[in-house]
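Structure record follows, encoded as C-alpha cells.
Rule-based calculations on the coordinates, nothing more; no lab input. Quantities reported herein were computed from a predicted structural model and do not represent experimental measurements. Because the Cβ atoms are built from the backbone with ideal geometry, glycine has one as well, and the counts that use them run over all protein chains shown.
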Amino acid sequence: MTVPALIQGGMGAAVSNWKLANAVARMGQLGVVSGTALDSVMARRLQLGDLDGAIRRALQHFPDSAIAKRILDRWFIAGGKPASRPFKNVPMFTLRPAKDLLELTVAANFAEVFLAREGHDGPVGINYLEKIQMPNLPSLYGAMLAGASYVLMGAGIPRAIPGIMDRLVTHQEVALNISMQGALPGETYVMNFAPRAVMDAGPAPLARPKFLAIVSSEVLGLALARKASGRVDGFVIEGPTAGGHNAPPRGALQVNDLGEPVYGTRDEVDLATFRELGVPFWLAGSFGNPAGLRAAQAQGAAGVQVGTVFAYCDESGLDAAIKRKVLEGARRGEVRVFTDPVASPTGFPFKVVRLPGTMSEPEVYRARARICDLGYLRSAYRQPDGAVGYRCASEPESAFIKKGGTMDETLGRKCVCNGLMADVGMAQVRPGGAEELPLVTSGDAVAEIAALLPADRITYTAANAVSYLLGHQPTL
C-alpha cells in the first residue's frame, strides 16, 4: 500500500478548508479537511453570499437535489448578509436531531470533500473529533458520499468508528453509544442514523475510506488495533507540542511556573509497539521541517502530520489579518503559544496563541458576555428524572450550575466554538454590533516559521510548504 509521506493536519473549524486540502492533494500528499462544525461553516458561507459559487457548485452534485434546494432556500443570501446583521445559527445537535439538521450535516461534509477532491486524483481525508460525538454519524456518511480517501479521528477512543464506516458503505443504519455524564451503572445512551431515512441513498455501495486513529500512547494504539469494531488502517501519533487539543498528561495534573501542564517520561510513546503492529504510522507535533520528516522515517514512520506550517499558508481558511499578525510576531520573536489546561470545556489542554485583542487575553475575555449558541463542545448529562440535558462549562455560570455543574468547572473556560469561527472570518455579531473575537491555536513550532520565510515577503503557498517539508526547496 502506497501511503503519503505528509499528512496536512485537519485543523478546525475550517482552517483546514477545501482549498488547502485540494492544494496539498494536488502535490501528491494527503490533503485533509476539518470535519468540525461543517454544518455551521456551510450555513455561514451561504449567508455570506457564497461569492465564489463553490458551495452551490458542490450542491449541484449532491445525490439528493431536493435536500440541496432546501438548504439553499433556507441559508443562501444573494450578495451576502449586511456586515452588521448576525448570522442565523444552525440548531444544536441533540441525541434526536431534526431531519433538516441531519440533511445539512450530510450535505456540508459532502460539499467540503467534493471541493477538496475536485480537479485532481490526489488523496483527500477528513478529520473528526471523537469528543464531538453527536454530529459524527451523518458527517461520516456525507464524507463517504463524496469519496473521501481517509478518515482521521482523535480526541478520544474512536473504537466504534471503523465498524460504522463498514456499515455506511452499504447505506445501512448505524448507532453510536454517546458518553453521558452521570449515567447510572448499566445505562447506555445511543444515537442512531439511518441514511435512507434522511435521503434517497443509491443502491450502489460506497468506497470505504482508510481509517487513521490519532493517538497519544501505545496503550491506546494497541487497544484500537485489537478491539476496534473494524479495520484500523494506521495511526497518527500526536505529541503534546501539536496544536489544538492535546491529550492530558498521564497521572495527576501538574503545571509549570507559567501554568502549563507538565509532560514527563510517562507521556513518551514506545514506537516499537507501532512498528510491530504492521500498519503505517505518522508522527505529529513539532515535526514540521525536513529534519523532522527524516527523523520520523528513520524511526519507522511512514511520514509526519503537519498542521502549523499549513495553517499560515495562503490557502488555509485562517483570516488573512491573523496570519500576518502571527507571522510578523514570529519574525520579531514575539509570538507565544500557551498550553492552557482549562480553556477548552472538553477538559483537554488547548494550545492558544497569545495575541492582543483576542480571547487569549484574560481581561478581554472577562468582558465578553458568556453565551453558548453553537454547542459543539457541550456534554450530554443525565438529569435526575432520567431525561437527557446538555451543558457546557463555557456557558453562563448560572445556567451551568443550574444543570448540576459547579462554579469551579467554569473557571478559565473559554468559548472555543465561537472563537474558532471568528478565526476564519465568520465571527458572530452580538447586540450592539460587537463581533466575537478569535481564539487562535497553533503548535509550539509556530515560532520556527519566521526563520523559513524570505526577507521580502510574509506569505507562502501550500505548494511551497510541501516542497519545503520534502526538502525540495531551502525556504518557504
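Please list the helices of the chain that count as membrane-span-like by this rule: a mean Kyte-Doolittle hydropathy of at least 0.0 together with Cα atoms stretching 20 Å or more along the helix axis, each helix being a complete DSSP H run.
What comes out of the filter, once short or polar helices are dropped, is 99-117.
Simple spin-label model, 7 Å along Cα-to-Cβ: A78 to R294 in nm?
Between A78 and R294, the label points sit 5.8 nm apart.
When 1/r is averaged over all different Cα pairs and the result inverted, which Kirkwood radius in Å belongs to the range 384-441?
13.0 Å
Would you list the P(r) distribution for the range 106-233, with all Cα-Cα distances sorted into 5 Å bins from 0 and each bin expressed as a whole %?
Cα pair-distance distribution for the range 106-233, in percent: 2, 10, 20, 23, 21, 13, 7, 3, 1, 0, 0.
Would you mind computing Rg(Cα) / (2.2 N^0.38 Å) for the chain, counting N as its residues?
Ratio of Rg to 2.2 N^0.38 Å for the chain: 0.92.
Restrict the search to the range 298-396; then list the GluC sites (Glu not before Pro) that DSSP places in a loop and that have at most 15 other Cβ atoms within 10 Å of their Cβ.
Here the sparse-neighbourhood loop sites are E334.
Taking the alpha-carbon distance from K69 and a cut-off under 17 Å, which lysines remain once sequence neighbours fewer than 8 residues away in the same chain are dropped?
K99
Between A183 and D408, take the C-beta separation as r, use R0 = 22 Å, and let me know the FRET efficiency to the nearest 0.05.
0.50
When Lys and Arg each count +1 and Asp and Glu each count -1, what net charge do the other residues less than 13 Å away from E334, Cβ to Cβ, add up to?
+4
Take every DSSP beta bridge with both residues inside the chain and express the antiparallel ones as a percent of the total, to the nearest 5.
35 percent
I need to check one value: relative contact order of the range 211-277, counting alpha carbon pairs closer than 8 Å and at least 6 residues apart, in percent.
About 36 percent, as a whole number.
Please report the net charge: other residues with Cβ closer than 14 Å to the Cβ of G432, K and R +1, D and E -1.
Summing Lys/Arg as +1 and Asp/Glu as -1 gives +1.
Which of G288, A465, S34 sits closest to the plus end of the dipole of the chain, meaning its Cα is farthest towards the positive end, when Lys and Arg get +1 and Asp and Glu get -1 on the C-beta?
Farthest towards the positive pole: S34.
Let me spell out the model: positive unit charges on the Cβ of Lys and Arg, negative unit charges on the Cβ of Asp and Glu, origin at the Cα centre of the chain. What dipole size does that give, in debye rounded to 20?
It comes to approximately 680 debye.
Using a Cα-Cα cut-off of under 16 Å, which lysines could be cross-linked to K351, ignoring same-chain neighbours fewer than 8 residues away?
Here the lysines satisfying the reach criterion relative to K351 are K414.
What's the extension gain from K88 to I458 if we count 0.36 nm per residue and subtract their Cα-Cα distance?
Length difference between fully extended and current span is 129.7 nm.
Calculate the tail of P(r) for the range 44-156: the fraction of all Cα-Cα distances greater than 24 Å, expressed in %.
29 percent
What does the charge count around A399 come to, taking other residues whose C-beta lies under 10 Å from its C-beta (Lys +1, Arg +1, Asp -1, Glu -1)?
+2
Give the residue from G163, A427, L224 lying farthest towards the positive end of the charge dipole for the chain; charges sit on Cβ (+1 for Lys and Arg, -1 for Asp and Glu) and the dipole is referred to the Cα centre.
Sorting the options by dipole projection puts first A427.
For the pair A194 and V388, what calculated FRET efficiency results from E = 1/(1 + (r/R0)^6), where r is the Cβ-Cβ distance and R0 = 22 Å, to the nearest 0.05?
0.65
In Å and whole numbers, how far do the C-alpha atoms of the range 303-457 stretch along each principal axis, longest first?
Largest to smallest, the principal-axis extents are 63, 44, 26 Å.
Determine ³J(HN,Hα), in whole Hz, for all residues of the range 338-346 in sequence, where each value follows from phi through the Karplus function 6.51 cos²θ - 1.76 cosθ + 1.60 and θ = phi - 60°; x replaces Gly and Pro.
Karplus values, whole Hz, x for Gly and Pro: 10, 7, 8, x, 10, 4, 7, x, 5.
Per DSSP H run of n ≥ 4, the term is -39500 (n - 2.57); total these for the chain, divide by its residue number, and report the mean residue ellipticity at 222 nm rounded to 500 deg cm²/dmol.
-9000 deg cm²/dmol
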